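Step one of this worksheet: look at the structure below.
The values are calculated or read from the model by the stated rules, or taken from the named source; none is laboratory data. These numbers were taken from a predicted model, which means no experiment stands behind them. Every residue, glycine as well, gets a Cβ built from its backbone with ideal geometry; the counts of neighbours run over all protein chains shown. Note: accessible area is taken over every heavy atom of the protein model, side chains too, but ligands, DNA and RNA are not part of it. Shrake-Rupley method; radii C 1.70, N 1.55, O 1.52, S 1.80 Å.
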Amino acid sequence: MTGQILVVGGAVLDSLGEPTRMLVARRTAPEQFAGLWEFPGGKVEPDEAPEAALHRELREELGIGVRLGSELHAVTAAGWPLSEKASMRVWLAEIAQGEPRPLEDHDEVKWFSLADGDEALNLPWIPADFPIVRALLQSLDVRSDSATGS
Ligand SMILES: Nc1nc2c([nH]c(=O)n2[C@H]2C[C@H](O)[C@@H](COP(=O)(O)OP(=O)(O)OP(=O)(O)O)O2)c(=O)[nH]1
């Protein structure tokens with residue numbers, strides 16, 4: 001995995017204990033991802049711990065401090081593949097401080113309901129995120145017609 005880029009993302013829930021909604025953010029760049037929804041987060045810097053990078057990114061991008069919960073179990077040790085060069089690790093989180101606002105890299109943030117997984121899966125996510133969203137919905141026990149598809 002040498003040379004691989006590690007990205008960290010937050011599955012920010014309204015409550016870690018009793019989640020009913022999740023926060024998503026719409027990217028503004030690069031062009032291929034502009035207008036698509038994603039887990040807020042970003043690249044881990046050299047010598048930075050992944051969890052510290054996630055705290056930093058969520059503060060920079062959305063102006064929130066979070067409490068991290070467990071990591072979403074990924075398909076490889078390096079995380080979820082995003083491309084040949086990058087993979088992403090995703091942690092559950094809840095807001096400890098601040099109101100989420102699109103300060104950097106996003107033009108909109110919104111909460112969607114976890115009552116129906118299809119609401120989540122119908123969003124135009126970055127394509128590489130769909131398997132992650134499905135796994136997340138399964139881990140949260142959210143019902144969806146397509147959550148178990150590939
Ligand atoms: N944050 C985030 N990035 C994702 C997701 N899915 C996905 O393919 N990516 C890709 C998009 C980017 O190529 C890369 C993350 O880079 P980034 O641009 O968010 O990182 P960064 O904030 O550290 O920005 P920079 O320093 O490179 O400008 O991972 C996702 O759900 N969240």
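Data table
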| read-out | value |
| --- | --- |
| Top-ranked residue of the range 46-79 - restricted to ones that are part of a strand (DSSP E or B), among the small types (Gly, Ala, Ser) and open to solvent by less than 70 Å² (accessible area, probe 1.4 Å), ranked as farthest from residue 12 (Cα to Cα) | 79 |
| Where a residue in the range 22-41 is more than 18 Å from residue 137 (Cβ to Cβ) and its partner, wherever it lies, is open to solvent by 50 Å² or more (accessible area, probe 1.4 Å) and of a type in the set (S, T, N, Q), with Cβ under 8 Å and at least six apart | 34/28 |
| Breaking point among (1) under 21 Å from residue 137 (Cβ atoms); (2) open to solvent by 10 Å² or more (accessible area, probe 1.4 Å); (3) of a type in the set (Gly, Ala, Ser), for residue 10 | (2) |
| Residue tally, condition under 19 Å from residue 69 (Cα atoms) and within 13 Å of the chain's Cα centre (by Cα), over the range 93-111 | 3 |
| Test result for residue 130, touching a residue at least 60 places away in the same chain (Cβ under 8 Å), open to solvent by 50 Å² or more (accessible area, probe 1.4 Å), under 17 Å from residue 7 (Cα atoms) and aromatic (Phe, Trp, Tyr) | no |
| Of all residues in the range 1-47 being among the hydrophobic types (A, V, I, L, M, F, W, C), more than 12 Å from the chain's Cα centre (by Cα) and at pLDDT 95 or above, the one that is farthest from the ligand (Cβ to nearest atom) | 16 |
| Residue that is open to solvent by 30 Å² or more (accessible area, probe 1.4 Å) and farther than 17 Å from residue 41 by Cβ, where the choices are 103, 140, 82 | 140 |
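Per-residue answers, yes or no, for (1) out of contact with any Leu (no Cβ under 8 Å at 6 or more places or on another chain); (2) more than 14 Å from the ligand (Cβ to nearest atom):
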position	(1), (2)
75	yes, yes
83	yes, no
130	no, no
135	no, no
138	yes, yes
